[in-house]
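Working notes, structure below.
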Amino acid sequence: MLTVVVALIAAGVILGMVALWPDADKVPKDKNPYGADGVSTVSAKVLSVKPFDCGSGGAGPDGLPSVAGNCAKVDASTKAGNATFTLDAPRFKAGINKGDDIKLIRIQPSGQEAAYEFLDFRRGLPLTALAIVFAVAVVAVARWRGLFAMVGIGVTLLALTQFMLPAFLSGENPLLVAVVGSAGIMLVVLYLAHGISIRTTSALFGTLVGLALTAVLGALATDWTSLTGVGSEDDSTLVAVAPNIHMAGVVAATMVVAGLGILNDVTVTQASAVWELRALQPAARGREIFSSAMRIGRDHIASSVYTLVFAYAGSAMTILLLISAYQRSLAEMATTEQIGEEIVRTLVGAIGLVLAVPITTVFAVIMAPRGVTPEGELPEDLGTDPGSHQAPIQPSIAP
């Protein structure tokens, strides 16, 4: 019966993805700003850094303060020869040293000498090394499950880059795309990382209900708080590049995607808790198992809510620092688009998380058979030795 239900859910997700799959011609493709005629990016290594007084500081033309301090003349080596460029005060103050690997913008109009501008530091090697260390650590500790979890990350990135993001840009309903894409990701990731079992299926059901609740709450909260999704210069640029995109819908969609990982965490943990409790108390009533599992769930809720708040606070740290420097109260700034969006995202994600815990627990209690082992298997001697168990095997138990 559960196989049929999961198959129907998977079929619905596939049909949804087919219906929402963006037409390649409708996905906006703006020109690469560094791909115009005579403009390219090149790798370089810093040879020398020479500070000089450029008169930086005071208020700029827009009335905003500019960074006071020296600028720097930087010499770097590229495959085409040496390059010289000027680094402004904010970049120089952030730090650049001899030997740093950097990327430059090379500008060379036809018939003129090349000019260079600083673009960014080259981070390919350290990022790759960190990714390898992460993968090795996960596989070494979690073994096969860790390996399958890494495959799940690949599936998630594939769904985001090939389906969800292009669908957002082409003008499809962002919230519907997020729900369908997230459901598809969970269908694959949960069974990959945790194996095909009734326990995993109960976690899947709880996760899907949590996703649906988060989506509904996100849509209502976005509309109620009048979040437009256009709170920064980058947002305005995105609207110009992709005129069909629904920015308010993207805000609600990010609430679904952002809470996906921690929602998965709490639902799997709750399902596992119920299975462990059922294994230790094979004759316990469903209500007793539910109460015990919820005591575990409440602790998990408390720690997970903190995790959400810390994660969003960290992502908005620059804005929070600027608010503090301007000596403006958080209550005053909370109603702005940028801060208000983070607050709503945190609260909606937390509400969906809290509601998913009891829902998953109910699914797990109903689906966990009496006498089940922690691995989800029935002991071979269950029911054969009257003194070894308090009750015979029952296929399921109602809460």
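Every read-out reported here was derived from the displayed coordinates using simple, explicitly stated rules and does not represent laboratory data. Note that this is a predicted model, so its numbers are computed, not measured. Cβ placement follows ideal geometry from the backbone for every residue including glycine, while neighbour counts extend to all protein chains displayed.
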- Given the peptides 306-313, 205-212, arrange them by the average over their residues of other C-beta atoms within 10 Å, most packed first. 205-212, 306-313
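Between Leu158 and Glu117, what length in nm is gained on full extension when 0.36 nm per residue of separation is reduced by their alpha carbon distance? Provide the component values of the computation, followed by the final result.
Values: separation 41, 0.36 × 41 = 14.76 nm, distance 3.36 nm.
Full extension of this stretch gives 11.4 nm more.
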- Task: Give the total of Lys-Lys pairs in the chain with Cα-Cα distances below 27 Å; include a pair only if its members are 8 or more places apart or on different chains.
- Result: 19
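Where does the chain land at 222 nm, in deg cm²/dmol rounded to the nearest 500, when only DSSP H runs of n ≥ 4 count, each adding -39500 (n - 2.57), divided by all residues? Intermediate results must be reported in sequence, preceding the final value.
Values: 13 runs with 231 residues, N = 399.
Value at 222 nm, helices only, nearest 500: -19500 deg cm²/dmol.
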- Taking the Cβ of Ile339 as the centre, find all other residues whose Cβ is under 15 Å away and add up their charges (Lys, Arg: +1; Asp, Glu: -1). -3
- Task: Taking only Cα atoms and a 10 Å spring cutoff, compute GNM fluctuations for the chain and point out the largest among Leu217, Leu104, Leu20.
- Result: Leu104
- Item | Local electrostatic count at Ala76 - Lys and Arg +1, Asp and Glu -1, tallied over other residues with Cβ under 15 Å | +4
- Message: Can you give me the distance in nm between label points at Arg287 and Val133, each placed 7 Å from the Cα along the Cα-to-Cβ direction?
- Response: 5.3 nm
- Item | Sum of side-chain charges, Ile107 neighbourhood, beta-carbon under 13 Å (Lys, Arg +1; Asp, Glu -1) | -2
- Please list the non-local residues whose amide H lies under 5 Å from the amide H of Arg122, H modeled 1.01 Å from N, same-chain partners needing a gap of 5 or more. Asp101, Ile102, Lys103
- Item | Estimated translational D of the range 130-367 in µm²/s (Stokes, Kirkwood radius over Cα pairs; 4 °C; 1.567 mPa s) | 67 µm²/s
- Item | the chain, relative contact order in percent, only Cα pairs under 8 angstrom and at least six apart counted | 15 percent
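At R0 = 25 Å, how high is the FRET efficiency between Tyr306 and Leu355 if r is their beta carbon distance? Nearest 0.05 is fine. Walk me through the numbers on the way to the answer.
Details: r = 18 Å, r/R0 = 0.70.
Step by step, r from the Cβ atoms, then E = 0.90.
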- Item | Within the chain, longest stretch clear of exposed trypsin sites (Lys or Arg not before Pro) (DSSP loop, no more than 10 other Cβ within 10 Å) | 80-399
